[in-house]
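Structure first, then comments.
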Amino acid sequence: LTFSLLSVTLLVSFGSSMLYGYNLAVVNSPAVDIKAFYNTTWTQRYGHGLAPGPLTLLYSLTVSIFALGGLVGSLLVGVLVERYGRKGALSRSALLVLLGGGFMGFSRELGSPEMVIVGRSITGLHSGRCCLGCGAVLPHGLNLRGFLGLVPSIFICLGVFFAQVLGLPELLGKDRFWPLFLSVVVVPASLQLLLLHCFPESPRYLLIEKNDISGATKALCRFLGTPGVQDVIEEMKEEQRSLSSMEMVSVWQLLRDRSVRWQTLSVVVVNAGMQLSGIDAIWFYTNAIFENAGIPVSQIPYTTMGTGAIEVVAGLIGCFTIEKLGRRPLIVTGFCAMGICSAGITVSLLLQTALPWMRYVSVACVVGIIAGFCMGPAGVPFLMTAELFTQSHRPAAYIVGGSLNWLCNFTVGFIFPFLQMSAGAFCYLVFCGVCLLVALYIYLIVPETKNKTFMEISHIFA
């Protein structure tokens, strides 16, 4: 792990994954202020305020539209990378953040709730387009796939944590600051845009897509810190020859291919389960959950920040243990912890009237859900998708997994407030059931993929 490789991995994660995490959590703290802005604007336009139902609907759309933008962005990734390379696609995506941040930052000055919604959708488009994978700068045969694959999940946790810190009342957690709070995303995007030119393009893109052997050699020497890269170049040439004679599988062909049916089903289950686990409900609506649990309003921002610090630690544990423990133990343990803690929230909410100390059990369960997610389910599904398929099937598998991921993200973000109003404490049992069923499926069906070739994994599935 050289300095150049670590630097570009951190830079890409800082300007992409961290923004994804920030945008997940940034709408949590100013929820009341944004709703008040919507209500005031509606009154100025039409002479009357919004009823609670339509106001909740409008705010839910603001929260969840981020995922619809992400869905569109994820479908465009392949075309953009093929045309501009990973470096070029990331640079153009950073410009989107500047645009989206501008919309949100000036929304109140211009009295336009629509600008908040449009800005959220544009930042979602950026997040969908930036799911390029930090390990992609290297050939697939090199090690550290697991470590590099989980670095972005740490930055997602860091993004959530920074949003929670900036949302404190002493910083940007005041009514007059919420447009600035939403538009802070332009800072890391600008830094990424400025610093990306310091690094070469992905060696795989240069050699396989552009047939630029000289450029690929220089890039590899820079990333690997050694002039002796001829073996790696030959390996990439072999991959180029195999790809030129290989017919890429479409999504429809992937879904109909019986030889990879269990692999495809596993991608569907793991990616859908990752979002239907309720983690986005926790991130989007943490303050509302703690308020329902009876935590004093003055303590909620600091309690939320504490959960953010714990999730960063959990992400680091997952990142530095994945190569030793493997993918399967981390993701099964993570989903089990999330399921048990979701049930714990239901129990604590039902008993808190009789037992006031149960409110702290609610906080512990929220922490448990986030920690369980960051240790495994946050990053392993993307890594497993790459390891379960050959190159001919991999792009279609990413489209299936990414589309499901974003669609389920949108669904949870949109319906959770209504589910909470109708089912009360029992709404968390839905997430409990999803988590435990996904953990059971992985335990029974999905093999360990660490240090295994595709053929070995395919034989295990067979």
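Things to note:
- Residue check, C365 assigned to a helix (DSSP H, G or I), open to solvent by less than 10 Å² (accessible area, probe 1.4 Å) and touching a residue at least 12 places away in the same chain (Cβ under 8 Å): no
- The stretch 343-361, residues that are at pLDDT below 85 and either open to solvent by 70 Å² or more (accessible area, probe 1.4 Å) or under 26 Å from the mean Cα position of the chain (by Cα) (or both): T353, A354, P356, W357, Y360
- Test: A281 is buried (at least 21 other Cβ atoms within 10 Å of the Cβ), among the hydrophobic types (A, V, I, L, M, F, W, C), touching a Phe, Trp or Tyr at 6+ places or on another chain (Cβ under 7 Å) and assigned to a helix (DSSP H, G or I): yes
- Checked against (1) under 22 Å from G315 (Cβ atoms); (2) at pLDDT 85 or above; (3) open to solvent by 10 Å² or more (accessible area, probe 1.4 Å); (4) more than 13 Å from the chain's Cα centre (by Cα), G135 meets all criteria but (2).
- In the stretch 57-71, the residues that are touching a helix residue (DSSP H, G or I) at 6+ places or on another chain (Cβ under 6 Å) and either farther than 22 Å from A31 by Cβ or free of Cβ contacts under 8 Å to residues at least 24 places away in the same chain (or both): L71
Conditions (1) open to solvent by 50 Å² or more (accessible area, probe 1.4 Å); (2) modelled with pLDDT under 90; (3) closer than 19 Å to R86 by Cβ; (4) not assigned by the TED database to the domain that holds G119, marked per residue:
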residue	(1), (2), (3), (4)
G141	yes, yes, yes, no
L150	no, yes, yes, no
I154	no, yes, no, no
E170	yes, yes, no, no
G173	no, yes, no, no
V184	no, no, no, no
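- Exclusive hit being open to solvent by 30 Å² or more (accessible area, probe 1.4 Å) and part of a helix (DSSP H, G or I), set I331, I370, I340: I340
- Which listed residue, of A36, A51, A31, A25, is of a type in the set (A, V, I, L, M), over 26 Å from the mean Cα position of the chain (by Cα) and within 14 Å of W178 (Cβ to Cβ): A36
- Of all residue pairs spaced 6 or more apart or on separate chains, those with beta-carbon atoms under 6 Å, a first member in the stretch 279-302 that is outside the structural domain of L168 (by the TED database) and a second member that is open to solvent by 10 Å² or more (accessible area, probe 1.4 Å) and of a type in the set (D, E, K, R) are A293/R359; G294/R359; I295/R359.
- Criterion violated by T40 - all others in (1) part of a helix (DSSP H, G or I); (2) in contact (Cβ under 8 Å) with a residue 24 or more places away in the chain; (3) within 19 Å of I117 (Cβ to Cβ); (4) β-branched (V, I, T) satisfied: (2)
- Enumeration of residues in the stretch 10-61 that are out of contact with any Phe, Trp or Tyr (no Cβ under 7 Å at 6 or more places or on another chain) and buried (at least 23 other Cβ atoms within 10 Å of the Cβ): V12, G15, S16, L19, Y20, S29
The values are calculated or read from the model by the stated rules, or taken from the named source; none is laboratory data. The structure displayed is predicted, hence computed values, not measured ones. All Cβ positions, even for glycine, are placed from backbone atoms using ideal geometry, and neighbour counts span all protein chains on display. Heavy atoms of the whole protein, side chains included, go into the accessibility calculation; ligands, DNA and RNA do not. Shrake-Rupley method; radii C 1.70, N 1.55, O 1.52, S 1.80 Å.
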